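Remarks on the structure that follows.
Bear in mind that the values in this text are calculations on the coordinates, not laboratory data. Because the structure is predicted, anything quoted here is derived from the model rather than measured. Neighbour counts are summed over all protein chains in view; Cβ atoms, including those assigned to glycine, are modelled from backbone coordinates with ideal geometry.
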């Protein structure tokens with residue numbers, strides 16, 4: 001898929017260890033970030049004018065030594081191996097890629113090393129919302145000089161640069177990768193799609209009806225959700241935070257126990273009735289899709305890629321369903337930062353330079369199933385896997401939908417982010433798996449959620465309305 005620059009800019013957005021031998025002036029208001037990121041996401045997904053070949057900085061002209069690279073992304077073993085064998089092999093140093101266990105634990109480690117005055121992490125890759133606590137505690141190096149050097153031969157979208165300032169005049173991280181979530185559909189399921197339904201524009205109720213028709217015809221529950229428990233397992237919490245809740249309440253947090261949320265959970269109970277019960281063992285949906293245990297379902301694009309890659313003629317990628325408030329979907333922005341306690345800052349800068357060179361952007365995107373951020377990097381043609389172009393089509397549909405409700409990953413939670421995740425997972429377990437009363441559970445879990453927000457002093461983030469002070473559940 002090819003889009004004009006105008007179409008891109010005016011779019012709407014959306015532990016394994018592997019070894020190898022002050023307020024900004026004129027910055028973009030935070031409420032405009034989702035729309036800007038959506039345009040960026042579709043631009044990266046669909047490509048543009050080829051980017052110029054980047055030349056290494058002087059720091060890469062000689063061996064830069066050992067560089068400890070810690071990432072909250074690339075946690076599955078195969079992704080870490082690809083980072084090692086397909087991405088980092090050309091780096092002029094010894095990059096030690098460490099993925100996981102969770103962003104909260106990475107934050108805790110950097111914070112502890114900051115207090116100790118001595119660190120072990122050189123480069124830190126986290127999602128945007130996970131950086132805010134470290135930025136507020138002054139634990140990150142100002143990368144403005146590095147960004148200025150990088151921009152001599154590559155360009156990043158201005159919105160992502162602004163994003164990396166974390167509301168200050170300093171550049172706390174350099175944009176690296178981005179992604180979204182979607183549904184994968186086995187073409188065998190299309191024969192059961194009710195007449196008049198558009199597979200690219202389904203509502204949640206229609207997804208339920210479709211599953212009911214499949215069950216009547218086959219006797220099987222064939223919808224799939226990655227619902228394995230634990231903060232390092234599945235992404236069911238992202239389904240709730242970025243898809244179901246925004247589609248029904250218009251937000252992630254403030255409407256957690258609202259009447260619209262009750263309606264959403266009632267729908268999810270109906271959806272679960274047509275969902276393969278083995279979904280509670282699925283950490284990634286691509287495997288049950290390939291085995292035929294499910295015919296259609298939702299997951300992160302990186303956790304669907306094997307289905308699109310191994311059987312491209314059998315699976316199609318379609319947008320997530322819509323709800324009463326619109327098409328809720330989540331945008332993921334990942335950046336690269338250098339802690340102030342990094343033992344090898346020169347090597348860290350060289351690695352960030354390396355990872356943001358166009359050819360390595362493509363390699364990393366292919367390795368862990370994301371899209372690049374450097375402008376002009378094309379993810380089409382022989383230089384990139386075909387499945388990324390398949391997934392790019394969904395990013396385009398999200399951007400083109402006038403009723404999109406774009407959700408950001410949780411922002412400002414710091415070390416409480418794992419507990420925040422558990423609230424959504426526990427709510428799912430209690431309502432869907434244990435069949436507890438919806439309103440009772442929402443009341444209980446909302447209290448826990450508010451306590452975590454109070455502890456982190458986290459203001460509301462999109463798509464919830466802006467707050468004065470800590471975000472409050474209604």
- How big is the gap, in Å, between the Cα center of segment 401-474 and the Cα center of segment 254-323? 21
- Item | Value of Rg/Rh across segment 316-474 [Cα atoms, Kirkwood radius] | 1.04
- Item | C-alpha center-to-center spacing [segment 75-121, segment 128-143] in angstrom | 16
- Message: Using Cβ counts within 10 Å as a stand-in for footprinting exposure, how do 467, 71, 291, 331 rank, fewest first?
- Response: 291, 467, 71, 331
- Rounded to the nearest 5, the percent of antiparallel DSSP beta bridges in the chain equals 60
- Query: Fewest first, what order do 152, 269, 165 take by the number of other Cβ atoms within 10 Å?
  - Reply: 152, 269, 165
- Note on the structure: Gyration tensor on Cα atoms of segment 239-391, a ≥ b ≥ c root eigenvalues, a/c under 1.5 rounded, else prolate if a/b beats b/c, else oblate, says oblate
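Going by average Cβ density within 10 Å per residue, which order do the peptides 242-251, 344-353, 102-111 take, highest to lowest?
The peptides rank, most packed first, as 242-251, 344-353, 102-111.
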- Message: So if I restrict to the alpha-carbon atoms in segment 146-293, what is the Rg, and what is Dmax, the biggest pairwise distance, in Å?
- Response: 19.9, 61
- Cα-based Rg and Dmax for segment 103-223, in Å, come out at 23.1, 65
- Task: Sort 154, 270 so the one with the fewest other Cβ atoms within 10 Å of its own Cβ comes first.
- Result: 270, 154
- Note on the structure: Calculated from DSSP helices alone, with each H run of at least 4 adding -39500 (n - 2.57) and the total divided by the residues of the chain, [θ]222 nm to the nearest 500 comes to -11000 deg cm²/dmol
